[in-house]
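Working notes for the structure below.
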Amino acid sequence: MELEAAIALNDERCINQYLFDFQRQVMPNLTTGLMYCAVYNRSGLFKYFKHQLFQKSKQKWTAFMFAAEYNSIQMLNLLRKEANFQDVSGFSALMRASIRGNIESVQFIVKNATEIGLKLTRNANGYRIGMNALALLIKLLLKQIMLIKQIIIRHQTTRQVQIYRQYHRIKTQKKSCPPQTSFTHRKGRRNSSGAAKTESN
């Protein structure tokens, strides 16, 4: 309510103070109110913080990178001027979106920016120096394929176990059933002429 009231009154000082307190308690890595807007896709607050464009966090993240990381499409559109920057490890907004699997953000950045050629400047989080966003996307795709393969194998194994158990249950039921009584029909003996002989008591 305090934030809504500050916005209604167009009180930028109160808005900044509120967001500063919120950031310090919840997400201390956020340096500016604009980064808060990027994380939570608060495009309606952009006008209050557009003067914070191009400001960076301690790790050299821009608000555009936060928007890509959290798939905030509306904020990506408002923050397009911050494209083509890299953080301390060389990650760009496109790379962050690729690692997260944020397809909408990847499509937006590829269409509206020129980050595809940017490369990592150091090894970080299992990613090698020199990798670009395309390489990260391929690595992510391979991980997804491996995950799908594991799910399929697990499903097949589960199905095979179910079939075996069903077969074993049927086999056990057959063994527990009593044998059926067989009825033999006595056939009359026939003489040489073909007539049947009846047995005498």
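The values are calculated or read from the model by the stated rules, or taken from the named source; none is laboratory data. Quick caveat: nothing in here was measured; it's all calculated off a predicted structure. No Cβ is skipped: glycine too gets one built from the backbone with ideal geometry, and neighbour counts run over all protein chains shown.
Worth pointing out:
- Given (1) of a type outside the set (A, V, I, L, M, F, W, C); (2) surrounded by 18 or more Cβ atoms within 10 Å (Cβ to Cβ); (3) under 24 Å from the mean Cα position of the chain (by Cα), index of the condition E82 fails: (3)
- Filter result (crowded, with 17+ Cβ neighbours inside 10 Å and either among the acidic types (D, E) or more than 15 Å from Y70 (Cβ to Cβ) (or both)) within segment 86-109: Q86, D87, G90, S92
- Those helices (runs of 4 or more DSSP H) lying entirely in segment 40-121 with at least 2 residues under 17 Å from A135 (Cβ atoms) and among the β-branched types (V, I, T): 103-112
- Residue match in segment 25-38 (condition: at pLDDT 90 or above and part of a helix (DSSP H, G or I)): yes
- Residue tally, condition exposed (fewer than 11 other Cβ atoms within 10 Å of the Cβ) and among the hydrophobic types (A, V, I, L, M, F, W, C), over segment 110-156: 8
- Residue match in segment 82-91 (condition: among the hydroxyl-bearing types (S, T, Y), at negative phi and touching a residue at least 40 places away in the same chain (Cβ under 8 Å)): no
- When segment 85-99 is filtered for residues that are within 18 Å of the chain's Cα centre (by Cα) and within 22 Å of F46 (Cβ to Cβ), the ones remaining, listed by number, are L94, R96, A97.
- Subset of segment 89-123 [more than 23 Å from F54 (Cβ to Cβ) and modelled with pLDDT under 85]: N123
- In segment 34-50, the qualifying residues are those that are among the aromatic types (F, W, Y) and over 24 Å from the mean Cα position of the chain (by Cα), and the one that is nearest to M75 (Cα to Cα) is F46.
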